[in-house]
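Shown next, in structure tokens, is the structure this report addresses.
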Amino acid sequence: MGVLRWRGELDFRIEQLSGKPLKYFDSEVATILRMGAYQIQFLENVPQWAVVNEAVELTKAARKRSAAGLVNAVLRKCQPAARRPEAQEAGEGGAEVLQAARRSFPAWLLDRWESSFGKRAVDSLALSSNAVPRTTLRVTAGERGEIQQELAGEGIQTEPAKYANSALYIYSGNVHTSRHLSEGRIVIQDEASQLVATLLAPRPGERALDMCAAPGMKASQLAGMLGSGTLVACDLSPRRLRTMSKLVAGRIPPDVHLVLLRLDATCDLPFDCRFDRILVDAPCSGTGTLARNPEIKWRLQGKDLARLAELQEKILRSALSVLAPSGRLVYATCSLEPEENEQVVERVLREATGCRLLTASELSSEFPQLSPLFDSRGYFRTRPDLHAMDGFFAAVIVRSQDSRVALAA
């Protein structure tokens, strides 16, 4: 994960130290150099001689023996970040850390962020999106104080989250050893993800649809909020559905009828009923979760956004076609990109009949604690640098009571 986070900075240093462009190296050798450089630059308890020795042996094991001398020479010249001259010149190293963080993102993505958020925001986004994110728990509703005390007894120190009433931030201890995790009383789920499900506000006895449900964290949260009623959780992948069935086992209230269904959400939906509540947690670029999923930034291309937006529009249209009169739909992504967020919502709503966005004042009245997270148009937004949680977008859409037509032809 560290190599993935800092790959751009590591490549920059490797090219400096070797005097060669990265494309000069075979892929195996480049990987070994990145691993070694990361350990030397960022890990404090690994002796440099051990890193160099292991890297040379890995090079030989990869049948690249002719590159062993070069690997040895490059890593012997590599220095921990704090010892580099440019870091010492920068005092605390803040300027150098910022440059290293910026180098660890594709230039096209930084340019997009600067256009959308401004130069200062790009710097803070680069730093926060390259940091190790904190772990957040979702606890059983109404039990946060009790569970917090019990976790403390297990050596796990937490504090209540700022926005989500069911969330706890962990600041020390290993939650993976906790019996509460194995018993299903807590789950690991980012605060922004929890808040998206909160916006759906399902009521007991209603019929709810989770359109892109895997791996199931929000589905189990919605089931707990329902308490009774029906929850249909869908996904395109049979494998992900099987995983979800295991993850939600024991976390669904007995009075909630859970149906797991494989379907393509971009096509006409096979339901002969309407749903009171629909969550569309759409497949997206994931640029709001790069701290948690750093591989995304090296896989994603700018041209992917148009393809994803087309997919998201189809899913949102399908979902609106089965939204009941007076029903509520939440469209959400973990993306920071406007093409996947408000632009998708606005294009689809231009065609929709009897559907509208809830306003910022309406949402703030219903969710006063979340009012700082609603913009002037009523869109819910979080950012890693501003809120210390994943970057999410959500739009809350309602259908009028007398609406009969889902979308205009």
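The values are calculated or read from the model by the stated rules, or taken from the named source; none is laboratory data. The shown structure was predicted, so the numbers you read here are calculated from the model rather than taken from an experiment. No Cβ is skipped: glycine too gets one built from the backbone with ideal geometry, and neighbour counts run over all protein chains shown.
Annotations
- Selected residue (only one of Thr140, Thr135 is within 14 Å of Gln189 (Cβ to Cβ), under 21 Å from the mean Cα position of the chain (by Cα), of a type outside the set (D, E, K, R) and surrounded by fewer than 21 Cβ atoms within 10 Å (Cβ to Cβ)): Thr135
- Residue within the stretch 266-274 that is surrounded by fewer than 23 Cβ atoms within 10 Å (Cβ to Cβ) and either within 19 Å of the chain's Cα centre (by Cα) or in a strand (DSSP E or B) (or both) present: no
- Pairs linking a residue in the stretch 353-374 that is not assigned by TED's automatic domain parsing to the domain that holds Thr198 to a residue that is crowded, with 17+ Cβ neighbours inside 10 Å, with Cβ atoms under 7 Å and 6 or more positions apart or on different chains, do not occur.
- The residues on offer are Gln221, Gln194, Gln148, Gln189, and the sole one that is surrounded by 14 or more Cβ atoms within 10 Å (Cβ to Cβ) and more than 26 Å from Leu279 (Cα to Cα) is Gln148.
- Asp281 fulfils the conditions (1) under 18 Å from Gly216 (Cβ atoms); (2) under 12 Å from the mean Cα position of the chain (by Cα); (3) surrounded by fewer than 20 Cβ atoms within 10 Å (Cβ to Cβ) except for a single criterion, (3).
- Any hit, the stretch 215-231, residues being closer than 19 Å to Gly391 by Cα and assigned to a strand (DSSP E or B): no
- Some residue of the stretch 288-298 being in contact with a Leu (Cβ under 7 Å, 6 or more places away or on another chain) and of a type in the set (Asp, Glu): yes
- Out of Ser124, Ser116, Ser182, sole residue that is part of a helix (DSSP H, G or I), small (Gly, Ala, Ser) and out of contact with any Leu (no Cβ under 9 Å at 6 or more places or on another chain): Ser182
- So Ser326, is it of a type in the set (Ser, Thr, Tyr) and in contact with a Lys or Arg (Cβ under 9 Å, 6 or more places away or on another chain): yes
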